[in-house]
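Worksheet for the structure shown next.
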Amino acid sequence: MGLWDKLKGELIDIIEWLDDSRDTIVWRFPRYENEIKMGAKLVVRESQVAVFVNEGQIADVFTPGTHTLTTQNMPILSTLKGWKYGFESPWKAEVYFVNTRQFTDMKWGTQNPVIVRDAEFGMVRLRAFGAFAMRVADPAALLRELVGTDPQFRTEEVQEYLRQMVVSHLGSALATANVPMLDLAARQQAIGATLAAVLTDELAPSGIAIPKFIIENISVPPEVEEALDKRTSIGVVGNLDNYTKFQAANAMEDAANNTGGAGEAFGFGLGMAAAQRMTQAASGPSASGPPASGPPPLPNAAEWFVGVGGQQQGPYDQNGLAAMVSSGTLRRETLVWKNGMAGWTAAGQVAELGGIFAQVPPPLPPQG
């Protein structure tokens with residue numbers, strides 16, 4: 001190999017990065033001891049930014065495109081190098097390629113439950129998990145704050161830091177959302193959008209943005225889930241009496257399907273009892289006979305009025321009239337009346353009252 005070929009091999013004339021991974025955020029171009037040739041080609045692809053660092057100081061930043069490196073398009077580096085008149089010699093500098101695409105495979109979750117106050121259930125412990133997308137918004141800030149001199153900065157190096165920030169803001173986001181616990185599922189997208197904006201503001205000094213935040217699930221402890229399931233079941237059942245009858249009917253059907261003699265007898269008896277209860281509940285007390293609790297009520301007794309000494313007295317039932325007959329107050333010629341009669345009539349002429357005069361002798365005939 002000749003001297004020219006050796007010198008040519010020590011000069012870098014093409015600088016580019018073809019990303020063969022899905023988790024690299026920052027990659028440093030492997031210059032080693034070689035120098036970058038003045039007039040070299042810099043290829044920056046879409047979703048990439050190239051940052052030149054000279055002696056530990058961030059210099060020029062190049063956006064997507066093919067760039068020919070000259071003193072004219074590297075003003076900061078030219079100033080640092082002292083190239084006032086377009087000096088064309090090779091130079092040494094570090095080139096960092098920053099991936100600006102969205103990294104969508106970032107996961108988060110709460111290791112410990114978040115305690116929030118709910119208006120209906122009081123203090124509730126909530127767990128949540130989901131995913132979020134991150135992207136580099138300020139490459140220079142990212143290099144200064146997080147990357148440093150790392151030649152290959154991956155998502156795993158920042159994911160735990162981001163997860164801790166998410167969890168630290170989740171409790172306040174849920175508490176200030178003023179959403180009942182049972183309505184959180186319907187408001188997950190709105191809460192996620194709020195958290196994305198808050199986290200982006202918080203991470204702005206580090207050059208990172210959170211364009212998308214997804215809450216996949218918000219859950220409560222198992223014992224609370226069990227209590228909610230019972231509450232839901234009671235609401236679905238509705239009338240407990242009807243539910244008991246329904247269960248009895250199912251038991252009757254299951255017992256009838258049992259081929260054993262004892263099972264058939266038990267099922268038949270249970271079914272008859274359930275059927276009787278359902279029939280009585282549906283039809284009410286029987287009109288043809290007394291209810292099971294006692295005899296039917298007595299019919300209303302007739303109310304009689306009596307004219308004594310020109311004055312109306314009463315009302316009396318027949319027992320009261322019989323007592324008046326015994327005392328001599330009521331006689332056959334005494335006028336009586338009850339509802340349904342056309343007018344006052346002598347008691348002796350009312351067939352219905354004949355029984356109360358049966359043991360009373362008629363008046364003596366006049367003496368001649």
Can you name the helices (runs of 4 or more DSSP H) wholly within the stretch 125-215 that have at least 2 residues being over 30 Å from Phe62 (Cβ atoms) and free of Cβ contacts under 8 Å to residues at least 24 places away in the same chain?
156-176, 188-203
Of the numbered conditions (1) on the phi < 0 side of the Ramachandran plot; (2) at pLDDT below 80, Gly86 satisfies every one except a single condition; which is it?
(1)
If only one of Gly314, Gly340 is out of contact with any strand residue (DSSP E or B) (no Cβ under 9 Å at 6 or more places or on another chain), without any contact (Cβ under 8 Å) to a residue 24 or more places away in the chain and not aromatic (Phe, Trp, Tyr), which one is it?
Gly340
How many residues does the stretch 110-124 contain that are free of Cβ contacts under 8 Å to residues at least 24 places away in the same chain and either more than 17 Å from the chain's Cα centre (by Cα) or not assigned by TED's automatic domain parsing to the domain that holds Leu184 (or both)?
1
Do you know which of the residues in the stretch 197-210 that are within 15 Å of Ser168 (Cβ to Cβ) and among the aliphatic types (A, V, I, L, M) is surrounded by the fewest Cβ atoms within 10 Å (Cβ to Cβ)?
Val198
Scan of the stretch 69-83 for residues that are among the hydroxyl-bearing types (Ser, Thr, Tyr) and modelled with pLDDT of 75 or more, ordered by number
Thr70, Thr71, Thr79
What are the residues in the stretch 148-185 that are exposed (fewer than 13 other Cβ atoms within 10 Å of the Cβ) and β-branched (Val, Ile, Thr), if any?
Thr149, Thr176
Quick check, is Leu335 more than 60 Å from the chain's Cα centre (by Cα), of a type in the set (A, V, I, L, M, F, W, C) and at pLDDT below 85?
no
Which ones in the stretch 94-124 are under 30 Å from Ile12 (Cα atoms) and in a loop (DSSP other than H, G, I, E, B)?
Thr100, Arg101
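The values are calculated or read from the model by the stated rules, or taken from the named source; none is laboratory data. All figures in this text were calculated on a predicted structure; none of them were measured in a lab. All Cβ positions, even for glycine, are placed from backbone atoms using ideal geometry, and neighbour counts span all protein chains on display.
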